[in-house]
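Comments concern the structure below.
The values are calculated or read from the model by the stated rules, or taken from the named source; none is laboratory data. From a predicted model like this one, the values you see are computed outputs, not experimental measurements. No Cβ is skipped: glycine too gets one built from the backbone with ideal geometry, and neighbour counts run over all protein chains shown. The protein model used for the area step is the full one, side chains on, heavy atoms only, and it has no ligands, DNA or RNA in it. Shrake-Rupley method; radii C 1.70, N 1.55, O 1.52, S 1.80 Å.
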Amino acid sequence: NKDVHRVTACLLTGLPTSQCEQIAKGSTIRDLAKVCNHELNYDAGPGQFQLTVNEEYDPDDPDSVKLDFATAKLTRDKYLQTRPALPNYWESIRAQLKLNRTLVTPFGREFQFLDQWGHELLRRAYSYIPQATVGEITNYGIAQVHGTRPAEHVESAESKVDDLRRMGLQFLLQVHDSTVWQVPDESVDEAIPHLLQLLEVPFSLNGYNLVIPIEAAKGKSWYSKEMDEVGK
């Protein structure tokens, strides 16, 4: 039940992870940690990492971050120290590609990498299973809310689906790892717990049974980003 980007910010700064909630969700250090998690897990070099961070730099914002190459390299090195298993993961992906150039997600989706062997191909391969799996989970969760895929892990799942239909829930948007729904004002608080349960999709990976935690926020406009966190 910890925010992974806040935890990463703690690891980078030396703050105990037990105090990660002290790091604000919109803070500069959390944003930097988020870029670390998204870029460096897939073996971005210090130059690529520097470019990605600096793309968001705003000279008019005193809290905006701009990295020079030396600081980008130092940050990357520090991050890799906090994730000592990453090189083994990269090696396992390379070994599988050398075998048949094919990777398979926990849900059985296969992808064959036919481009020229090199760093860019490997970076795409490192990201394939986690990124494809998250997209699959999001889509399967939508299907579970609509009742077109059984949610066997949810008690009384069919009645929850019927309740959401009765409330007038409407699906609006899927954005890779998130969904947007609308429901009449009077049903929002009743609908959210049902949604959180039905959007969960358990899966198995490397002998572990996993569930990726889901969090919800509510508001009048998804576009405005003025949303209130309401549950996990």
| query | Can you name the residue in the range 52-67 that is assigned to a helix (DSSP H, G or I) and either open to solvent by 90 Å² or more (accessible area, probe 1.4 Å) or hydrophobic (A, V, I, L, M, F, W, C) (or both) and, of all such residues, is farthest from Val7 (Cα to Cα)? | reply | Glu55
| remark: Only one of (1) over 14 Å from Lys73 (Cα atoms); (2) in contact with a Cys (Cβ under 8 Å, 6 or more places away or on another chain); (3) not charged (D, E, K, R) does not apply to Leu12, and that is (1)
| Single residue of the range 1-49 satisfying the filter (of a type in the set (Asp, Glu) and in a helix (DSSP H, G or I)) that is most open to solvent (accessible area, probe 1.4 Å) | Glu21
| task | Taking only the range 179-189 into account, find how many residues are over 24 Å from the mean Cα position of the chain (by Cα) and surrounded by 13 or more Cβ atoms within 10 Å (Cβ to Cβ). | result | 3
| task | With the condition kept exactly as written, say whether any residue in the range 68-86 is touching an Asp or Glu at 6+ places or on another chain (Cβ under 6 Å) and open to solvent by less than 30 Å² (accessible area, probe 1.4 Å). | result | no
